[in-house]
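Structure, as structure tokens:
The values are calculated or read from the model by the stated rules, or taken from the named source; none is laboratory data. This is a predicted model, so every value here is computed, not measured. Please note: Cβ atoms are built from the backbone with ideal geometry, for glycine as well, and neighbour counts cover all protein chains shown. When the accessible area is computed, the model is the full protein with side chains, heavy atoms only, and any ligands, DNA or RNA have been set aside. Shrake-Rupley method; radii C 1.70, N 1.55, O 1.52, S 1.80 Å.
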Amino acid sequence: MKSMEEMLKAAQQAAETIQKQMNETQAKLDSLEVEGVAGGGLVKIRCSAKGRVIGVGIDDSLMVPADKQMLEDLVAAAFNDARAKADEVANRELAQAQQGMGLPPGFKLPF
């Protein structure tokens, strides 16, 4: 039978392994890209799965001063589309990481 000290050491090692894997997953999320679109593709926003905006694309046809409000609305809509996709990718990646660690689905890790 293992001593209390051995069990505590094993628990500490398991916690360190989980933290390392979660850090690796977080780093991976920043390298995964999603694209949000609005206005039938007239406005596109690329962002990481962590939600960092990488780039914005605006069709030349929208560069009309009279359409400024519409352009601003489309940029916001494209960002929200990208953010929703980023959340979806992040949740899927975190679930896979947790599954690989043997944690139950839905288990919340602080990070």
Exercise for review: Taking C47 as meeting all but one of (1) in contact with a Phe, Trp or Tyr (Cβ under 9 Å, 6 or more places away or on another chain); (2) open to solvent by 30 Å² or more (accessible area, probe 1.4 Å), write down the number of the exception.
Suggested key: (2)
Review point. Checking V56 against (1) out of contact with any strand residue (DSSP E or B) (no Cβ under 9 Å at 6 or more places or on another chain); (2) open to solvent by 40 Å² or more (accessible area, probe 1.4 Å); (3) aliphatic (A, V, I, L, M), which single condition isn't satisfied?
Key: (1)
Review point. Do we have any residue at all in the stretch 74-90 that's within 23 Å of V53 (Cα to Cα), open to solvent by 80 Å² or more (accessible area, probe 1.4 Å), at pLDDT below 90 and of a type in the set (K, R)?
Key: no
**Study point:** Any hit, the stretch 29-44, residues being open to solvent by less than 90 Å² (accessible area, probe 1.4 Å), over 19 Å from A77 (Cβ atoms), touching a residue at least 40 places away in the same chain (Cβ under 8 Å) and hydroxyl-bearing (S, T, Y)
**Key:** no
